[in-house]
Ligand code: AMP
Ligand code: MG
């Protein structure tokens, strides 16, 4: 029997790191991993600007200002956001300025509007809503540099702001845009084809005869592959017929084929029958659920054969396929985050097998509680869980209160 780690390595070796990179508009790049480190080509902020709505001043001019004895300055200019011809600030004057507007040359402090009072009528020509006062009373003295965002205080040119393999989420896409990039160089998704097998399977929406069941692994594994960052299609599932299976497999155009079912120890094991001796090695892995596994290259295409029991199938995908797929696509985070948790109940586990139990991790309490029995057909409990609890092969019992590690399936 193989260990979980050994089979992980076999599956990982099927999928070498993709060398492909493509430029995508940011609107299409969400979720993709960066193909290379992202080096900032410019500074952020690009220019010294105001952090407040208020007045740009020379701190020295208003050093004596106080609530009781304000210093009054003429307002010489107005600098709304977007003004590109900011005039310099002459000594003894103030400019009205808005958040993000460029600091005029000569100014070294911003007085927030809350610390000022307008005096005199509006300057001619300003619309009433935005009226600029002719003079302003400064009621609190700012220190030099107050409320100024300096050029480059967030990003200096030449800085690596995102590393290769970083997935482009909301903040990363925002940063790229702020740096002026309309697109990003990312690793394109690998193509996964999911092929379910079983003569008992019937499409959801159709009536069942006694002994038939609705097919559920196809959509589940395809969704899992998409969530891992791949593109995935489902081949229409096939009956337990090696020729039918092989003809669908031969027409596959994918970077990875994932099959479900037909790999156990019984008769009618269609995947085993069709692929044994054709490049796929069928093995037993010391784990529960998910013992029967297979992996190999068939006519140049990597194939991973997962067991048919729905929970086995999805747990096997999590443990073997997801990390391999993400590593091949260049994601920096190939693994689910591991969380330390306190077990809320005693558990027993089989000797000699790594057991994966479905659990609910309570982040606030820092506890994990298993849901449902260990059996591999309890899909309902898989759907109710948010983590997998991995119990080492040599552990046969855990006490309530034991410190364990869980894989967080929500991230
Ligand atoms: P197998 O691995 O083909 O022996 O299947 C093991 C169990 O999983 C059987 O109860 C099958 O009916 C079930 N099963 C296999 N494939 C699927 C599937 N695609 N959707 C739902 N259940 C399945
Ligand atoms: Mg089957």
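Considering only the range 236-254, state which residues are surrounded by fewer than 21 Cβ atoms within 10 Å (Cβ to Cβ) and in a loop (DSSP other than H, G, I, E, B).
Result: 239, 240, 241, 251, 252, 253.
Go through 340, 336 for me and flag whichever is modelled with pLDDT of 95 or more, surrounded by fewer than 21 Cβ atoms within 10 Å (Cβ to Cβ) and more than 27 Å from residue 307 (Cβ to Cβ).
The unique qualifying residue is 340.
Quick check: anything in the range 194-210 surrounded by 19 or more Cβ atoms within 10 Å (Cβ to Cβ) and away from ligand 2 (no atom under 16 Å from the Cβ)?
No; the residues of the range 194-210 include none that is surrounded by 19 or more Cβ atoms within 10 Å (Cβ to Cβ) and away from ligand 2 (no atom under 16 Å from the Cβ).
Return the residues of the range 255-269 that are within 14 Å of ligand 1 (Cβ to nearest atom) and crowded, with 19+ Cβ neighbours inside 10 Å; say none if nothing qualifies.
258, 259, 260, 261, 262, 263, 269
Would you mind telling me which numbered condition in (1) outside the structural domain of residue 314 (by TED's automatic domain parsing); (2) surrounded by 21 or more Cβ atoms within 10 Å (Cβ to Cβ); (3) farther than 20 Å from residue 325 by Cα residue 215 fails?
(1)
Residues 78, 68, 61: which one is assigned to a helix (DSSP H, G or I) and without any contact (Cβ under 8 Å) to a residue 60 or more places away in the chain?
Every option except 61 fails the conditions.
Hey, any hits in the range 319-331 for a residue that's surrounded by fewer than 18 Cβ atoms within 10 Å (Cβ to Cβ) and either at pLDDT below 95 or more than 16 Å from ligand 1 (Cβ to nearest atom) (or both)?
Within the range 319-331 (the criterion being surrounded by fewer than 18 Cβ atoms within 10 Å (Cβ to Cβ) and either at pLDDT below 95 or more than 16 Å from ligand 1 (Cβ to nearest atom) (or both)), the answer is no, since none of the residues qualifies.
The values are calculated or read from the model by the stated rules, or taken from the named source; none is laboratory data. A quick note: this is a predicted structure, and the numbers were derived from the prediction, not measured. Quick reminder, even Gly has a Cβ in these numbers, built from the backbone with ideal geometry, and neighbours come from all protein chains shown.
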